[in-house]
Amino acid sequence: MPPPLDSRPAQEILIRPMDGLDDFQRAEQVQREAWGYNDIDVAPASIFSVARNFGGQALGAFDGERMVGFALSFGAVDGGMRISIRTWSAWLQSIRIAAWDG
């Protein structure tokens, strides 16, 4: 059994599809905070919209109203089969999603 990450209780994190420009802009901010990126380095809000609208997925992880992580994938076709290719994900280190309970 792996050791616990820390003694804080797990937080209730809601994972849901991103819903529009506000969520996409929140994902830009998560990148800045998680990776220390400058504006020029972040995946822009528009790329989240493109992924979501053309076969990919843009999921956000929310602690209340605050986005604390995301996963972004693009849709693709391989040999006639639709697949999803994960390209980005980020989580803020200040959260603890779940505790190991064996």
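On inspection, L59 does not qualify as surrounded by 14 or more Cβ atoms within 10 Å (Cβ to Cβ), in contact with a Ser or Thr (Cβ under 8 Å, 6 or more places away or on another chain), within 18 Å of W91 (Cα to Cα) and modelled with pLDDT of 90 or more.
In region 62-75, the residue that is surrounded by the most Cβ atoms within 10 Å (Cβ to Cβ) out of those that are closer than 15 Å to L92 by Cα and over 10 Å from the mean Cα position of the chain (by Cα) is D63. Do we have I47 as over 18 Å from Q25 (Cβ atoms) and either in contact (Cβ under 8 Å) with a residue 24 or more places away in the chain or not small (G, A, S) (or both) here? In short, no.
Of the residues making up region 36-48, those that are surrounded by 12 or more Cβ atoms within 10 Å (Cβ to Cβ) and of a type outside the set (G, A, S) are Y37, V42, P44, I47, F48.
Just to be sure I understand, how many residues within region 48-72 are hydroxyl-bearing (S, T, Y) and under 11 Å from R16 (Cβ atoms)?
The total comes to 0.
The values are calculated or read from the model by the stated rules, or taken from the named source; none is laboratory data. Owing to the predicted nature of the structure, the values given are computational and were not obtained by experimental measurement. Cβ atoms come from the backbone with ideal geometry, glycine included; neighbour counts cover every protein chain shown.
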